[in-house]
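A quick write-up on the structure given underneath.
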Amino acid sequence: MPSLATARREFEPAGVYVNTASIGLPPRRGVDALRDAIETWRTGRAEAAGYDVLIDRARQRFAGLVGTTADRVFVGNQVSTFTALVASALPGGASVLAAEEDFTSVLFPFMAHADRGVRVRTVPLADLVGAIGPDVDLVAVSAVQSADGRLVPGGLDGLAAAAARDGCLTYVDATQAVGWLPFDAERFDFVSCAAYKWLVSPRGTAFGVVRPERLGMLRPLYAGWYAGDDPWAAIYGPPLRLAKDARRLDISPAWLSWAGTVPALDLLAEVGVPAIHRHDVGLADALRARLGLPPGDSAIVSVAATGALERLQAAGIRASVRAGAVRVSFHLHNTEADVDAVARALGR
């Protein structure tokens, strides 16, 4: 198992990069794998069936990172397609509870079913768990808020327990969580996760998780050959012959993106999410202390300060602005020196 210091040498940011919550930096092994895959493609040595090994390994690695089994994992390209599967599974007139501050890929697919009578009620994140009741059919929320890094108050275990108490389904977008926050996908009915942020992978790879007892709810809207029980025997003609497990929801993969995803997941699994969690939150708390803020539970720090982004950019520091505040996010490649650089740029 490599140390954090060893893993850090896999990354080569130009300057101080505290923007993983926007785009994760790829490890060297991921870039090398992409380069090799492109060369294989360029020279006419690529075989379509050869990419299946990548997808299988990525599915298994992701399952291990979120505490589930590969037969519950399906693959695709982005979160909103997974949200749409869940939204389409709800009966007309269903009631959805969500956080009003949440990312729209969690919200819009449900709202798009208003013509079927699906009702989306939003409340402040702080009130979400308390608003779960017998009148709610499904609660949908991001495990970590994209705008400012807030976690669900009371924790995800509290959310799962409240939903179970009232017979409410759960849908969690784990995109801003998996890779630094310990996450148990088996606590929830449906989970989605894009890999291009904290899973330090190319954009175009994403994962979904579904409980076996909920699999029958989800209509395979994007069913294609890759969702077949035997994909290479399901490329022509009827009858419908889909996989029996979560693979029936697979979306045909963008091969080159998966070439870079597998080694990235390998690295995260080797280091271990608990160690990454301590490292990332430790750096975020170090910055909070420098800024006079209380300790937190997130790898993301939100700083509302006039001209903050301009000062960071002038110092060669890459961050982002979300919801009117500067968003700083720490991951494997960051060090205490990065905390010092950000604090100096912000005048602290």
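The values are calculated or read from the model by the stated rules, or taken from the named source; none is laboratory data. These numbers were taken from a predicted model, which means no experiment stands behind them. Neighbour counts run over all protein chains shown; Cβ positions are idealised from the backbone, glycine included. In case anyone asks, the SASA skips ligands and DNA or RNA and just uses the protein heavy atoms, side chains included. Shrake-Rupley method; radii C 1.70, N 1.55, O 1.52, S 1.80 Å.
Miscellaneous remarks
- Looking across region 225-244 at every residue that is of a type in the set (A, V, I, L, M) and outside any helix (DSSP H, G or I), the one that is least open to solvent (accessible area, probe 1.4 Å) is identified as Ala243.
- Selected residue (criterion: farthest from Gly216 (Cα to Cα)) from residues of region 114-131 that are surrounded by 20 or more Cβ atoms within 10 Å (Cβ to Cβ) and out of contact with any Phe, Trp or Tyr (no Cβ under 7 Å at 6 or more places or on another chain): Leu125
- Residue match in region 84-105 (condition: in a helix (DSSP H, G or I) and without any contact (Cβ under 8 Å) to a residue 12 or more places away in the chain): yes
- The sole residue among Pro212, Pro182 that is surrounded by fewer than 19 Cβ atoms within 10 Å (Cβ to Cβ) and touching a helix residue (DSSP H, G or I) at 6+ places or on another chain (Cβ under 6 Å) is Pro182.
- Flag if Leu199 is open to solvent by less than 20 Å² (accessible area, probe 1.4 Å), touching a strand residue (DSSP E or B) at 6+ places or on another chain (Cβ under 9 Å), on the phi < 0 side of the Ramachandran plot and not aromatic (Phe, Trp, Tyr): yes
- Some residue of region 35-51 being open to solvent by 60 Å² or more (accessible area, probe 1.4 Å), among the hydrophobic types (A, V, I, L, M, F, W, C) and free of Cβ contacts under 8 Å to residues at least 12 places away in the same chain: no
- Test result for Gly133, in a loop (DSSP other than H, G, I, E, B) and not acidic (Asp, Glu): yes
- Within region 309-329, residues that are charged (D, E, K, R) have Cβ atoms under 9 Å from residues that are open to solvent by 60 Å² or more (accessible area, probe 1.4 Å) and not in a strand (DSSP E or B) in these pairs: Arg311/Gly347; Arg318/Ala14, counting only partners at least 6 apart in sequence or on another chain.
- Filter result for Gly158 (in a helix (DSSP H, G or I) and not aliphatic (A, V, I, L, M)): yes
- Given (1) in a strand (DSSP E or B); (2) loosely packed, with under 15 Cβ neighbours inside 10 Å; (3) hydrophobic (A, V, I, L, M, F, W, C), number of the condition Ala337 does not satisfy: (1)
- Filtered residues of region 1-34 (kept if in contact with an Asp or Glu (Cβ under 6 Å, 6 or more places away or on another chain), open to solvent by 60 Å² or more (accessible area, probe 1.4 Å) and farther than 18 Å from Thr261 by Cβ): Met1
- Selected residue [farther than 15 Å from Trp198 by Cα, touching a helix residue (DSSP H, G or I) at 6+ places or on another chain (Cβ under 9 Å), charged (D, E, K, R) and open to solvent by 20 Å² or more (accessible area, probe 1.4 Å)] from Asp137, Asp166, Asp157: Asp157
- Which listed residue is open to solvent by less than 50 Å² (accessible area, probe 1.4 Å), under 28 Å from Phe103 (Cβ atoms) and at pLDDT 95 or above, from Ala275, Ala305: Ala275
- Qualifying residue in region 247-262 (condition: surrounded by 15 or more Cβ atoms within 10 Å (Cβ to Cβ), within 30 Å of Ala70 (Cα to Cα), touching a strand residue (DSSP E or B) at 6+ places or on another chain (Cβ under 6 Å) and of a type in the set (A, V, I, L, M)): yes
- Of all residues in region 282-297 being surrounded by fewer than 20 Cβ atoms within 10 Å (Cβ to Cβ) and among the hydrophobic types (A, V, I, L, M, F, W, C), the one that is farthest from Gly155 (Cα to Cα): Leu291
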